[in-house]
1. Considering every residue within region 96-116, establish whether at least one is of a type in the set (D, E, K, R) and at pLDDT below 95.
2. Can you tell me which of (1) of a type in the set (D, E, K, R); (2) under 21 Å from residue 80 (Cα atoms); (3) assigned to a helix (DSSP H, G or I) is the one residue 190 doesn't meet?
3. Identify the single condition in (1) closer than 18 Å to residue 77 by Cβ; (2) crowded, with 16+ Cβ neighbours inside 10 Å that residue 123 does not satisfy, given that it satisfies every other one.
4. When residues of region 117-141 are filtered for being part of a helix (DSSP H, G or I) and either of a type outside the set (Lys, Arg) or out of contact with any Leu (no Cβ under 7 Å at 6 or more places or on another chain) (or both), how many remain?
5. Take region 14-39 and flag every residue that is small (Gly, Ala, Ser) and farther than 16 Å from residue 123 by Cβ.
6. Looking only at residues in region 115-163 that are of a type in the set (Gly, Ala, Ser) and over 16 Å from the mean Cα position of the chain (by Cα), which one is nearest to residue 26 (Cα to Cα)?
7. Taking only region 99-111 into account, find how many residues are within 25 Å of residue 174 (Cβ to Cβ) and part of a helix (DSSP H, G or I).
8. Scan region 142-185 residue by residue and report those that are closer than 16 Å to residue 128 by Cβ, in a helix (DSSP H, G or I) and of a type in the set (A, V, I, L, M, F, W, C).
Amino acid sequence: MLIKQATYLTSVVDKEKLISDEKPEFAFVGRSNVGKSSIINNLTGKKNLAKTSSSPGHTRMINYFEINGGQFRFVDLPGYGFHKAGKKNQSMWAELIESYLTSSECLKTVFMLVDSRIEPTELDKIMCKFLIQTGRNFVVIATKADKLSRAKQNQAKKQIASALGIREDIIIFHSSLNSQGKEQILNYIENLI
């Protein structure tokens with residue numbers, strides 16, 4: 001699949017304003033600073049489509065991006081586990097994420113991002129369990145893969161699968177720097193739309 005066009009559509013902070021129509025959506029979820037914006041930019045080939053930040057907790061809303069003239073959408077969900085956000089904001093974001101993940105009828109797949117260099121956190125495990133319990137289709141994307149050799153990636157894949165209690169074949173390694181995994185993710189999307 002080739003993404004020829006990608007544009008920012010809207011941002012939502014109120015669960016009552018979540019988009020509900022017939023367009024397929026692919027959501028990106030993960031802890032703060034795991035690289036959600038970077039992967040969206042890499043997949044679309046647009047460097048500044050999703051705003052990246054060196055400080056975690058930058059995505060505070062659900063951001064919608066229209067792909068290929070409305071063929072489907074990418075949905076960037078707020079990062080979880082950002083300590084400086086304060087409990088009130090963390091609670092609000094968690095409620096917004098939960099509302100989207102449980103109620104969206106457009107959602108085809110959740111791409112759950114984890115850092116390939118470290119073992120999944122407790123929050124990652126909670127999110128994975130939540131996705132399993134809700135019956136949502138999901139794929140785990142291990143980001144920052146360029147930091148690991150192929151042998152280390154194989155070790156990391158086993159570690160991630162074991163920590164999350166999932167099969168290894170639903171883990172894709174991705175790098176925004178060298179585009180490893182980009183084609184695999186785009187082919188996966190193409191097969192679902």
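The values are calculated or read from the model by the stated rules, or taken from the named source; none is laboratory data. Here the structure is a predicted model, which means the values were calculated and not measured. When we count neighbours, we look across all protein chains shown, and the Cβ atoms used for this are built from the backbone with ideal geometry, even at glycine.
1. Within region 96-116, the subset of a type in the set (D, E, K, R) is 98, 105, 108, 115.
Now drop any that are not at pLDDT below 95, which leaves 98, 105.
Looking for residues that are of a type in the set (D, E, K, R) and at pLDDT below 95, one finds at least one in region 96-116, hence yes.
2. Residue 190 satisfies every listed condition except (2).
3. (2)
4. Going through region 117-141, the residues part of a helix (DSSP H, G or I) turn out to be 122-134.
Add one more test, that the residue is either of a type outside the set (Lys, Arg) or out of contact with any Leu (no Cβ under 7 Å at 6 or more places or on another chain) (or both), and what stays is 122-124, 126-134.
Count: 12.
5. From region 14-39, those small (Gly, Ala, Ser) are 20, 27, 30, 32, 35, 37-38; that's our starting set.
Hits for region 14-39 are 20, 27, 37, 38.
6. So, considering only residues that are of a type in the set (Gly, Ala, Ser) and over 16 Å from the mean Cα position of the chain (by Cα), the one nearest to residue 26 (Cα to Cα) is 135.
7. Residues of region 99-111 that are within 25 Å of residue 174 (Cβ to Cβ), as a first pass: 100-101, 104, 106-111.
Now narrow it down to the ones that are part of a helix (DSSP H, G or I): 100-101.
Number of matching residues: 2.
8. 156, 160, 161, 163, 164, 170, listed by residue number.
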